[in-house]
Structures are given as C-alpha cells and as structure tokens.
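Student: This structure is in structure tokens; I'll ask about it shortly.
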Amino acid sequence: MTRLDAPATARNRAPILAILERWLGASVRPDPIRVLEIASGTGQHAVFFAEALPHLRWQPSDPDPAHLESIEAWRVGSGLENLAAPIALDVRAGDWGIDSVDVLFNANMIHIAPWTAAEGLFAGAGRVLAPEGLLFLYGPFRVGDRHTAPSNEAFDADLRRRDPAWGVRDLERVAALAAAAGLSLVESNDMPANNKLLVFRLAPGQHRLAT
C-alpha cells in the first residue's frame with residue numbers, strides 16, 4: 001500500500017486540532033464521539049486527530065481508490081484502535097450508507113469540487129448527524145463577496161482555470177446552504193494561510209436520518 005503525503009496537513013493540523021479540542025476534547029465531551037470525515041484525502045489528518053483525541057471514533061472516507069489505499073496505509077501504520085478502515089463514499093450520493101454520527105469533518109473539498117459536492121455535504125449532514133451534531137468545514141472562503149487575501153484571489157483564479165466548476169466559495173452562500181439543511185453557523189475561525197474553520201450545528205429536532 002502506498003502512503004501519500006500532503007505537506008499542507010503538517011502546517012494546518014495543529015491549529016485545527018486546537019479548535020477540535022475546544023469543542024470535542026475529553027474534558028468537554030467525555031463520552032465516545034462518532035466522527036465521519038468526508039474526503040479524507042491522504043489520511044494524515046485522520047491519523048493525527050484520532051491519535052490526539054483517543055475518545056473519538058474516527059471514520060475516514062473518500063471516493064478515490066488511490067486515496068482509500070493511502071488512508072489504509074496510514075491507518076495500519078498508526079496502529080490506532082479508534083481509527084476505522086476507510087470507506088468509499090461520494091458525498092453527492094443520496095444515501096451514504098451511514099448510521100447516525102455525532103460529528104462530520106471536512107477539509108479542503110468544496111473549492112476543488114463542483115458546487116454539487118457542497119450541496120451533497122450539507123444534505124448528507126442533515127440526514128446523518130445526531131440531534132445538535134456538529135459539522136467542521138475547513139478551507140478558503142470569500143466573505144462579503146470579496147476575497148480575504150490576494151493569495152486567495154490568485155488561488156481562486158487558478159482553480160477556475162483548471163476547472164470552471166471549481167473555486168473558492170462564498171461563506172454566506174455556504175451558510176445559506178447549511179441553513180436549508182437545518183444547520184446553523186455557530187463559529188467562524190481564522191486559520192493559517194487565509195483559511196477558515198467553520199463550525200455548524202444541527203438544530204434540535206432537525207435530525208432526518210433516512211430509514
């Protein structure tokens with residue numbers, strides 16, 4: 001099995017972990033927490049967060065066979081008992097084949113995928129999150145119809161040259177999409193390299209797990 005390496009994970013994982021600890025740390029939520037990571041990529045985030053927060057039950061997923069192989073290689077190498085084998089999951093599918101989870105985590109997906117991926121993410125969150133479940137969404141965003149930094153504007157232009165369906169998303173449009181699925185934006189955190197970590201929470205009574 002081939003372990004892929006994404007250097008950006010080494011740069012952003014500690015700041016992300018600090019926020020996950022504040023929301024999900026054992027002192028805050030001591031019971032086991034079921035986390036589904038959407039688009040786990042190389043698998044490095046999954047290993048790092050599962051090791052740092054052993055009370056989490058971390059389930060990685062990805063639609064790409066090469067990524068699934070990398071995730072499994074990192075998982076086996078880690079020896080972590082709270083990190084499950086990766087599952088194939090296309091966020092746009094109407095049925096993820098997942099029972100209820102407490103938390104969804106997604107990093108660096110919606111800007112390098114069609115808008116239908118963002119739609120699928122929030123529609124799925126509305127189906128599988130437990131009442132008052134949380135969704136953590138990491139990546140670059142436009143705010144107030146403007147880029148937050150020149151580097152993000154250049155990155156957005158490069159993404160759109162590579163695929164017109166890609167691009168840095170508007171935070172307000174993402175929040176509206178979340179609201180339509182029953183989730184509210186409860187926190188926006190500024191992160192390194194002009195990224196943000198958004199925290200959404202499913203409103204009480206909004207759980208719509210498919211039967």
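Student: Per residue of region 82-97, in order, report the coupling 6.51 cos²θ - 1.76 cosθ + 1.60 (Karplus, θ = phi - 60°) as ³J(HN,Hα) in whole Hz, putting x for Gly and Pro.
Tutor: 9, 10, 7, 5, x, 10, 6, 8, 9, 4, 7, 5, x, 9, 7, x
Student: How many nm separate the modelled label positions at E153 and S78, each set 7 Å beyond the Cα in the direction of the Cβ?
Tutor: 3.9
Student: Between region 37-67 and region 85-152, how many Å separate their Cα centres?
Tutor: 14
Student: Follow-up question, since we're still on this one. Within region 50-124, list the GluC sites (Glu not before Pro) lying in a DSSP loop whose Cβ has at most 14 other Cβ atoms in a 10 Å radius.
Tutor: The qualifying sites are E81.
Student: While we're on this one: Could you pull out every residue, at least 5 positions away or on a different chain, whose amide H is within less than 5 Å of the one on F105? Hs are placed 1.01 Å off N in the peptide plane, and Pro or chain starts have none.
Tutor: Those qualifying (amide H under 5 Å, at least 5 residues apart or on another chain) are L36, E37, I38, F136.
Student: About its Cα centre, what dipole magnitude does region 52-211 give when the only charges are +1 on Lys and Arg Cβ and -1 on Asp and Glu Cβ, stated in debye to the nearest 20?
Tutor: Here region 52-211 has a charge dipole of around 280 debye.
Student: Along the positive direction of the dipole of the chain (beta-carbon charges: Lys, Arg +1; Asp, Glu -1; about the Cα centre), which of A179, F49, A113 reaches farthest?
Tutor: A179
Student: What is the antiparallel percent of DSSP beta bridges lying wholly in the chain, to the nearest 5?
Tutor: 45
Student: Suppose only helical runs count, i.e. DSSP H with n ≥ 4. What mean residue ellipticity at 222 nm does that imply for the chain under -39500 (n - 2.57) per run, divided by all residues and rounded to the nearest 500 deg cm²/dmol?
Tutor: Helices in the chain give a 222 nm mean residue ellipticity of -11500 deg cm²/dmol.
Computed from the coordinates by the stated procedures, all read-outs in this text should not be read as laboratory data. Being a predicted model, the structure only gives us computed values, none of them experimental. All Cβ positions, even for glycine, are placed from backbone atoms using ideal geometry, and neighbour counts span all protein chains on display.
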